[in-house]
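> Have a look at the structure that comes next, please.
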Amino acid sequence: HSPGVQPADVEEVVEKGVQTLVIGRGMSEALKVPPSTVEYLKKKGIDVRVLQTEQAVKEYNALATQGVRVGGVFHSTC
């Protein structure tokens, strides 16, 4: 859970050309998302949303329904 989601962990999703990346931190938000990862995504022009996993899934689905090119990285436990 630490150091958490690193820039290298999201590169594959970034390469797909997403506009927005939703990151689920787990049910109890135990997974860390360091500022360096958020900064990396913002420098790539990607809107990033870091949420508790249930909320992240809802956000992902809402964005996908709106036609946003959205990607997701979801931690399903803790």
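> Which distance in nm do the two modelled labels at Asp9 and Ser36 give, with both placed 7 Å along the Cα-to-Cβ direction?
1.3 nm
> Please list, in order along segment 13-27, the HN-Hα scalar couplings obtained from phi with the Karplus expression 6.51 cos²θ - 1.76 cosθ + 1.60 (θ = phi - 60°), rounded to whole Hz, x for Gly and Pro.
Whole-Hz 3J(HN,Hα) from phi for segment 13-27: 5, 4, 5, 7, x, 6, 8, 9, 10, 9, 10, x, 8, x, 5.
> With an 8 Å cut-off on Cα pairs and a minimum separation of 6 or more residues, tell me the relative contact order of the chain in percent.
43 percent
> Could I ask something else about it? How much length is gained on full extension from Ser76 to Asp47, taking 0.36 nm per residue of separation minus their Cα-Cα distance?
8.3 nm
> Using each residue's phi in segment 49-56, evaluate 6.51 cos²θ - 1.76 cosθ + 1.60 at θ = phi - 60° and report the 3J(HN,Hα) Karplus result to the nearest Hz, with x for Gly and Pro.
For segment 49-56, the Karplus-derived couplings read 10, 10, 9, 4, 4, 4, 5, 5 Hz, x marking Gly and Pro.
> On average, how much accessible surface per residue is there in the chain, in Å², for a 1.4 Å probe, leaving out ligands, DNA and RNA?
On a per-residue basis, 59 Å².
> Using the Cα gyration tensor of segment 8-68, with a ≥ b ≥ c the square roots of its eigenvalues, what is the shape: rounded (a/c below 1.5), prolate (a/b larger than b/c) or oblate (neither)?
Since a/c reaches 1.5 but b/c is at least a/b, the shape of segment 8-68 is classed as oblate.
The values are calculated or read from the model by the stated rules, or taken from the named source; none is laboratory data. Remember, it's a predicted structure, so these values are computed and weren't measured experimentally. Heads up, the Cβs are rebuilt from the backbone with ideal geometry, glycines too, and the neighbour counts pull from every protein chain shown. Just so you know, the surface numbers come from the protein's heavy atoms only, side chains and all, with ligands and any DNA or RNA stripped out. Shrake-Rupley method; radii C 1.70, N 1.55, O 1.52, S 1.80 Å.
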